[in-house]
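J.: Handing you this structure, nothing more for now.
The values are calculated or read from the model by the stated rules, or taken from the named source; none is laboratory data. Keep in mind it's a predicted model, so treat the numbers as computed, not measured. Please note: Cβ atoms are built from the backbone with ideal geometry, for glycine as well, and neighbour counts cover all protein chains shown. Surface accessibility is based on the protein's heavy atoms, side chains included, excluding ligands, DNA and RNA. Shrake-Rupley method; radii C 1.70, N 1.55, O 1.52, S 1.80 Å.
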Amino acid sequence: MTTLIAFVVALGLLIAVHEYGHYRVAVACGVKVLRFSVGFGKPLLRWQRAGSPTEFVLCALPLGGYVRMLDEREAPVDPAERHLAFNTQPLRSRAAIVAAGPAANLLLAVVLYAAVNWIGVEEPKPVLASPVAGSVAEKAGLVGGEWVQSAYVNGDEASPVRSFEDLRWRLTQAALSDQDMQLLVSREEGGAARELTLPLSQIDVKEADATLFRRIGILSPWTDPVMGDVMPGGAAEAAGLRAGDRVLRVDGKAVSDGGALRQSIRDSVNAEGQAVRQVWDVSRDGGTLSLTVEPKPEKSGEAWIGRIGAYVGSAPAMTTVRHGALEGLWLGIQRTWEVSWLTLKMMGKMLIGEASLKNISGPLTIADYAGKSASMGLTSYIVFLALISVSLGVLNLLPLPVLDGGHLMYYLWEGVTGRGVSDVWLERLQRGGVAVLLALMCVALFNDITRLVG
């Protein structure tokens, strides 16, 4: 139920804001708006303000919306109201009305990101777990336990890293842009720092997913190697492990942190899917025990990994990331721009085959993320809304004939040539745009089903 409510609220809000952008600018340009609708299908609620020509409608299917304006191309217009019709407006007014929808979504994202900055959010401190063996991070000299003080790319000025999530975001941007990243790290907060370089440009990036961070080698913040809740029927329970056990060694090798322990468990299964028993030395009640643990094999993509049916590692040290009014707003603008640009780059890479089409998500994945983010708290849900709002704004600016960007493409042609696109070409382009959108929807639904089933 939480997932459904969070999904409907997200769609309703983002669609309403998008259509309100069209509506507000249309009214400002002197266009008569006949209907403002959120959703399609049977109207659930409708109202009209006294003296207003606009009917506001809330419909049963919140999968879109529209603003219906007076237009000679759709129905006959009274000559006395011809100056109020959309199609009779100057080119600049028509372009502004069409662009206002995506612009409203991007403006909403700025406000949402700024709100998160003002409210503050609890995030893990930027202290690194042990890097993945053979990864970029390990080769760069990271060993785990480092406190990341600041980071920069391409000779830019170093800026403080406020949290582990801040670091992950910067790593994602740098990797997708084929840029190396310089980190200033120390063994403790505020301690003497040393500089090292992560050669992220050497990574062949296809997807911004967990495999990307595995190749980088930075998966999680530092945690103590302490056992959390033990699940009934799992390998941990069978081995006699208990919540609160501190793992000292695995097969005689010292365990430095929870990340290293999780990696040891994952690597305990060979390529044929056969588990290898491990001897764990654990500290419990002031003494030391040796326990034999046999992780259970589990398929993850194309590889086999080990699982023990328990939470591994303590909760990471947290910090509250909060900003002042102007700084929070500016950072909201920056984050909206960064996410927009990153979205466009990923679309471009998918178009030329440098990124996988698996990056495309559909309504099922969005609904799943909506529910998960809502269950994590208000700030997580706001960040989710901001991300989807940016995606909606950027998607609608693409030059596809059935989208706002397609109409802007027509107006660009009209501005350059002095004449509008012919009806014949309009029909052809509309059909092509519908075909492309249907193909993208099929890919998105296929990805959704694959993620949920897998």
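For (1) among the small types (Gly, Ala, Ser); (2) open to solvent by less than 30 Å² (accessible area, probe 1.4 Å), each residue gets a yes or a no:
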position	(1), (2)
239	yes, yes
251	no, no
259	yes, yes
272	no, no
300	yes, no
310	yes, yes
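J.: Let me ask something else about it. Residue 249 - would you say it is over 31 Å from the mean Cα position of the chain (by Cα) and part of a strand (DSSP E or B)?
T.: Values: over 31 Å from the mean Cα position of the chain (by Cα): yes; part of a strand (DSSP E or B): yes.
Judged against the criteria, residue 249 is a match.
J.: Got a sec? Which of 306, 328, 244, 324 is touching a Ser or Thr at 6+ places or on another chain (Cβ under 9 Å) and more than 30 Å from residue 437 (Cβ to Cβ)?
T.: Step by step, each of 306, 328, 244, 324 is checked, and only 306 is touching a Ser or Thr at 6+ places or on another chain (Cβ under 9 Å) and more than 30 Å from residue 437 (Cβ to Cβ).
J.: Filter the range 28-47 for residues that are at pLDDT 90 or above, within 30 Å of residue 7 (Cβ to Cβ) and open to solvent by 40 Å² or more (accessible area, probe 1.4 Å) and give the result.
T.: Result: 34, 35.
J.: Name the residue, out of 183, 142, 212, 167, that is of a type in the set (A, V, I, L, M), open to solvent by less than 20 Å² (accessible area, probe 1.4 Å) and in a strand (DSSP E or B).
T.: After ruling out the rest, the residue left standing is 183.
J.: When you scan the range 359-371, do you find a residue that is assigned to a helix (DSSP H, G or I), within 19 Å of the chain's Cα centre (by Cα), over 30 Å from residue 264 (Cα atoms) and β-branched (Val, Ile, Thr), even just one?
T.: Looking through the range 359-371, at least one residue is assigned to a helix (DSSP H, G or I), within 19 Å of the chain's Cα centre (by Cα), over 30 Å from residue 264 (Cα atoms) and β-branched (Val, Ile, Thr).
J.: Take the residues of the range 286-298 that are modelled with pLDDT of 90 or more and in a loop (DSSP other than H, G, I, E, B): which is most open to solvent (accessible area, probe 1.4 Å)?
T.: Out of the qualifying residues, it is 294.
A quick yes/no check of all residues on (1) under 26 Å from residue 405 (Cβ atoms); (2) in contact with a Phe, Trp or Tyr (Cβ under 6 Å, 6 or more places away or on another chain); (3) not in a strand (DSSP E or B):
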position	(1), (2), (3)
3	no, no, yes
25	yes, no, yes
40	yes, no, no
65	yes, no, no
73	yes, no, yes
77	no, no, yes
93	yes, no, yes
97	yes, no, yes
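J.: Given the conditions (1) assigned to a strand (DSSP E or B); (2) under 30 Å from residue 268 (Cβ atoms); (3) not aliphatic (A, V, I, L, M), and given that residue 320 satisfies all but one, which numbered condition is not satisfied?
T.: (2)
J.: Suppose we filter 390, 383, 421 for residues that are of a type in the set (A, V, I, L, M) and free of Cβ contacts under 8 Å to residues at least 40 places away in the same chain; which single one remains?
T.: Numbers: 390 fails: free of Cβ contacts under 8 Å to residues at least 40 places away in the same chain; 383 fails: free of Cβ contacts under 8 Å to residues at least 40 places away in the same chain.
Matching residue, one of 390, 383, 421: 421.
J.: Would you check if there is a residue in the range 102-114 being open to solvent by 70 Å² or more (accessible area, probe 1.4 Å) and among the hydrophobic types (A, V, I, L, M, F, W, C)?
T.: The answer is yes; a qualifying residue exists.
J.: May I ask you to say which residue of 70, 63, 14, 84 is under 29 Å from the mean Cα position of the chain (by Cα) and open to solvent by less than 50 Å² (accessible area, probe 1.4 Å)?
T.: Going through 70, 63, 14, 84 in turn, the sole match is 14.
J.: Within the range 377-421, take every residue that is touching a Pro at 6+ places or on another chain (Cβ under 6 Å) and of a type outside the set (Gly, Ala, Ser) and give me the one that is surrounded by the fewest Cβ atoms within 10 Å (Cβ to Cβ).
T.: 409
J.: Residue by residue through the range 243-259, note down the ones that are of a type in the set (Gly, Ala, Ser) and closer than 10 Å to residue 312 by Cβ.
T.: Passing the criteria: 258, 259.
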